[in-house]
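Enquirer: Mind having a look at this structure? Questions to follow.
Read-outs throughout are calculated quantities, based only on the coordinates presented, and are distinct from any laboratory measurement. Everything numeric in this text was worked out from a predicted model, so none of it was measured. FYI the Cβ positions are ideal-geometry reconstructions off the backbone, even for glycines, and counts take in every protein chain you see.
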Amino acid sequence: MFRKASLVLLLVVMVFGFVASTSAQDTPSGEVTFVFWENTTTARAGWEAHVARFNEIYPDITVNLIGVPGEIWSDYLQGTATLIAGGETPDIIWVATEGVRFLVDLGLMTPLDDLIAAEGDALQPYFDDIAPALLDSFRVDGSLYFLPFSWNNMVMFYNKAMFDAAGVEYPSDDWTRDDFVAAATALTADRDGDGNNDQFGFSGSGGGLFTTIPWVLANGTNIVTDDLCAPNLTDPAVIEAIQFLHDLTYVQKIAPAPGTLTDVGLQFINGDVAMFGGGRWPIIQLFAEGFEDFDIAPWPGNPEQTTIYGVDGFGIFQSSQNPEAAWEFLKFMSSADVQQLLVGTEDSPLGNIPALRSVAEGISQFPPENYEIYYGSLDGNVRLVPSPPRFNELESIFMRYYNQVMADEISVEDAMNAAQTELSSVVTCG
Amino acid sequence: MATLAERRQETQTYTRSRRAFPWKTIFTIVILGFGAVLMIAPFMWIINAAFGDTSEVYVLPPKWIPLNPTLDNFDSVFEQVPYAGFMLNSFKLAVIVTVGQLITCSMAAFAFARLNFPGKNILFLVLISALMIPGQVTLVPLFILMRQLGFYNTHTALILPALINPFGVFLLRQYFLTIPSELEDAARVDGANVFTIYWRIILPLAGPVLTTLAILTFVSMWNSYFLPLIMINKPELQVLTVGLTLLQGQYGAGALGPVAAALAMAIVPVLIIFLLLQKYIIQSIVSTGIKG
Amino acid sequence: MAQNVLNRNVLSYRVMKRRETFAAYGFILPTLVGFLLFVLGPMLASFVLSMYDWNLLTPPVFVGLGNWQQLFADARIGGVYLTTAKLSLMVVTCNMTLGLGLAVLLDRKMPYLLRNFFRISYFFPYVVSGVAVSLIWTFLFNRDLGPLNYYLSQLGLSARTNWLNSSQFSPLAIVIADVWKNVGFYVLVFLGGMQAISRDYYEAAEVDGASGWQQFRKITLPLLSPTILFLLVISVIGALQIFEQPQILTNGGPGDATRTVVLYIYEQGFRFFDMGYAATIALSLFVIILILTIIQFRLSRRWVFYQ
């Protein structure tokens, strides 16, 4: 009698315990480590604010922030690799297109497809509201590895005040390369008469691969083949684009020689540079300086108006000790509320374009007026920034030769041929 | 025939009384002055950029004194990064390492200069050869070691490797070698042990060279960049040099104003300390030259 | 009886010796332990590392002498070493001659305050960090908007020199920034060395009718030679390792025109994730520095004059 009762009691306790433990697992808890790029001075504060909001809903999940400093993408990838090499096992990483193949090919990331499927319809609003181009950028071999958060492309900023003063028409939405050159020429001047131009129609300073490639893309080609398996620098269209950039400085003299720390934004505001290329990030500086007399135009076509884009998002490491909590964070960051924050507040716009289309409309409250070409470009001609697994080396080698060309010390053909040779062992699929 | 002493007296009086117009001195001062201007000008330009608003920077002809000084750039720096924290961290690390090095280097130098033990010369040569190892060689293994020891992302990771300094040992040893041994011998006869000799005799006499080492170490630690870059990524622990690069922004297109303001703030404390202590600082560097 | 005393003395001598050895090791211990852990250990680890291919994220792969083969087949390394040699030569020469020249000028009789002002203004850049110096000079060297080009054009010299992206001028830019930062140190050390030379020599020479230049050649230089050697050795070791100036000012460019060996090491190891190869290059640099230093010391016997 007793034995039977105690057996039943035991069974009840076991069942109860089992149910209790599973429901405890329903609310993920624990610690997760989140790696992000500390490339601007406000980056950390921004993420801390997100984490604070996240903790309002999930107070049991502690998110440890690790910021990796760096000037360019390669620095970030390098810093992240050093971190992992040193034994750190982060759970979540914020990464952009440039690092996707690098991380995925090394087998470091968890595919998100199963996690997404397990959510059923809960994430459908998110996926419906994102342009396919953004999602595709994070797919490798059909699997989705990252959830897009924000993104950027390249557009042409132009200084309306300077255009007005010189009597030049604003760029139209389908302007061509020739239109661009004509405008830039009209806006270049030697103000103090010393024989050197000090007002420039365009400045291409301060950039890496991302800010230089749009010219190549507009020629209908790219610096690597579409399958990312070989460099494509000997393509005459590529050479033409680079030659064009070179000549802007040395033949037509409508652009200054590129250099670092040139603060193009400041020159733009001061009326020394009439046009420059950028994504949405220049808005921050222009807004902070109270400068509003500008607008943006799509990249000049030659023949196409293809521009470049790059996406950033979040992924979960294979080695994560707490993938459930990590996934909660990912879902949280993809909600419309959080996306809304990307637009910025009234006094300080942020520099990226939200991934959700409906939210991206919100950037209309800030200059420029022609904001629609930001998200609108995703429906047209955009190409992803070329990001083979060894992106770091691609950028480094290409920029090294590009800088030599822009120093007017080597012919474009020689540079591209040499770069092609050097890159053939870097950009390869074999 | 006048003696040398008399002739010397003559020459001295000659040069003192019949002073021709000091062309050479004026010429010297002009050249030195020109050089000094070249030395100072870059700092003035940065100060101007730090205090100027956007319209006064990067204009030609260059402005050296801001007509509308503003503190906006400085506000900007503090808004964007915990700059004061960076400076404090740099200061704290520099002080700790300086004191630590003074202790470890003087102890080792004393042993090499004044004591006899097997393997002395070989050990010294090995230690000195460490000076020639480029920092990059040891960086990654050091990083991994620190991680294993659990010191990654702590100040300990920056302090421990900096506590030994072969150059400091070398510098101090050379100096200790010049201290006459009579004092020491006398102390030994009186029964002083090794530590007493070190503490009571050698150290007090080593004031100038210890000051030199302290200054060199402090400066070196204050300006260190590579190791903190790799070992630290918590902003509350980060140092000034790395903090400066944070302000450069993406693609090196950082806004000039805040970068200049940050630079100005990085330099001014050093300037103040330097001006206060310059008599001692310069004297000790100069005496390094004396000792050769 | 006497024998006992003798034995006791001998014993206590040995004991004393042992105590001294013991104490000596105790004094060296912190430095030695630190050296093993943080210098020798990582150094040996780098030796080992140079025999592997390692990209930080996947397990290292043993390649034996593969990295060394790569080094000798590397098309860029020759240029990189040449650039480093060129830059080092320029930096060392400028620092040494300017430092000595300025020290000579400073050694004159002049108002105390003025001399102090000069010493301070020449030495101050030395205590500023290399990062800050390089950032400042990046602004100054700006081709179109920097003050340097502006004043050069006012003087009628060719304007718009591309200081930061030209094979011809970028090395000069690096040298200028480096010398600006460091020359003060040389000035002060030379000053010290000169002040240690007894005035008697000069007075005797003056009496004998020697000119200023002769005095300099026959008295100052020889008596300064230990100082010169000291500075030369430090200078060479330092110049072969400059990193911050080329990295921030020109990032090694254009091409490899200002790419020093350590910059190349950084690129290979930390940009391209080829840690093994980076360690190999670093080892080659170490060997070269070692050889150069030994040569300097050997040669120094011929020209250094110790009192």
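Enquirer: Based on the alpha carbon coordinates of the protein assembly as shown, what radius of gyration and maximum Cα-Cα distance (Dmax) apply, in Å?
Expert: 32.6, 138
Enquirer: I would also like to ask the following. How far apart, in nm, are two points set 7 Å out from the Cα along the Cα-to-Cβ line at A:Glu240 and at A:Thr62?
Expert: Taking the simple label geometry, A:Glu240 and A:Thr62 are separated by 6.0 nm.
Enquirer: In addition: Arranged by the count of other C-beta atoms within 10 angstrom, fewest first, what order do A:Lys331, C:Lys109 take? Let's see the in-between values first.
Expert: Working: A:Lys331 18, C:Lys109 10.
Least to most surrounded, the residues fall as C:Lys109, A:Lys331.
Enquirer: Turning to a different aspect of this structure: Based on the alpha carbons, how large is the Rg to Rh ratio for region B:76-291 when Rh follows Kirkwood?
Expert: Ratio of gyration radius to Kirkwood radius for region B:76-291: 1.04.
Enquirer: How crowded by other chains is B:191-200, given as the mean number of beta carbons from other chains within 10 Å of each beta carbon?
Expert: 2
Enquirer: Which entries of B:Lys279/C:Lys181; B:Lys279/C:Lys86; A:Lys331/B:Lys234; C:Lys109/C:Lys181; B:Lys63/B:Lys92 show an alpha-carbon separation above 31 angstrom in the structure shown?
Expert: Values: B:Lys279/C:Lys181 20 Å; B:Lys279/C:Lys86 36 Å; A:Lys331/B:Lys234 26 Å; C:Lys109/C:Lys181 26 Å; B:Lys63/B:Lys92 36 Å.
Cα-Cα > 31 Å for B:Lys279/C:Lys86; B:Lys63/B:Lys92; rest within.
Enquirer: From the helices alone, meaning DSSP H stretches of at least four residues, give me the mean residue ellipticity at 222 nm for chain C, per-run term -39500 (n - 2.57), in deg cm²/dmol to the nearest 500.
Expert: That calculation yields -23000 deg cm²/dmol at 222 nm.
Enquirer: Here's something else I'd like to know. With N set to the residue count of region A:339-430, report its C-alpha Rg divided by 2.2 N^0.38 Å to two decimal places.
Expert: So region A:339-430 has a normalised radius of gyration of 1.57.
Enquirer: In deg cm²/dmol and to the nearest 500, what is the mean residue ellipticity at 222 nm of chain B if only DSSP H runs of at least 4 residues count, each as -39500 (n - 2.57), divided by the residue total?
Expert: The helix contribution divided over chain B gives -22500 deg cm²/dmol.
Enquirer: Please give the calculated 222 nm ellipticity per residue for chain A, where each DSSP H segment of at least 4 residues contributes -39500 (n - 2.57) and the sum is spread over every residue; nearest 500 deg cm²/dmol?
Expert: Helices in chain A give a 222 nm mean residue ellipticity of -12500 deg cm²/dmol.
Enquirer: While we're here: Taking the number of other C-beta atoms within 10 Å as the exposure measure, put B:Ser129, B:Ser106 in order starting with the fewest.
Expert: Neighbour counts put them in this order, fewest first: B:Ser129, B:Ser106.
Enquirer: Here's something else I'd like to know. Calculated FRET efficiency, C:Leu89 and C:Lys218, Cβ-Cβ r, R0 22 Å, to nearest 0.05?
Expert: On the way: r = 27 Å, r/R0 = 1.24.
About 0.20, to the nearest 0.05.
Enquirer: Next up: If you stretched the chain out fully between B:Phe151 and B:Leu276, how much longer would it get, using 0.36 nm times the residue separation minus the C-alpha to C-alpha distance?
Expert: Residue separation times 0.36 nm, minus the Cα-Cα distance, leaves 41.4 nm.
Enquirer: Return the FRET efficiency for the residue pair A:Thr421, A:Ala117: r is the Cβ-Cβ distance, R0 is 30 Å, and the value is rounded to the nearest 0.05. Working shown, then result.
Expert: Working: r = 45 Å, r/R0 = 1.51.
That gives a FRET efficiency of 0.10.
Enquirer: What percent of all Cα-Cα pairs in chain C falls into each 10 Å bin, going from 0 up to the bin containing the maximum distance?
Expert: The calculated distribution, bin by bin, is 5, 18, 23, 22, 16, 9, 4, 1, 0, 0.
Enquirer: Report, in debye and to the nearest 20, how large the dipole of region A:70-200 comes out about its Cα centre when Lys and Arg carry +1 and Asp and Glu carry -1 on their Cβ.
Expert: Values: 5 positive and 24 negative charges, 35 e Å.
Approximately 160 debye in magnitude.
Enquirer: Working only with C-alpha atoms, what are the Rg and Dmax values of region C:77-139, expressed in angstrom?
Expert: 16.0, 52
Enquirer: Take every Cα pair under 8 Å in region A:317-430 that's 6+ residues apart, average their separations, divide by the length, and report that relative contact order as a whole percent.
Expert: On the way: 58 pairs, mean separation 16.1, N = 114.
After rounding, I find 14 percent.
Enquirer: Please find the FRET efficiency linking B:Ser181 to C:Leu172, where r is the Cβ-Cβ separation and R0 is fixed at 56 Å, and quote it to the nearest 0.05.
Expert: That gives a FRET efficiency of 0.65.
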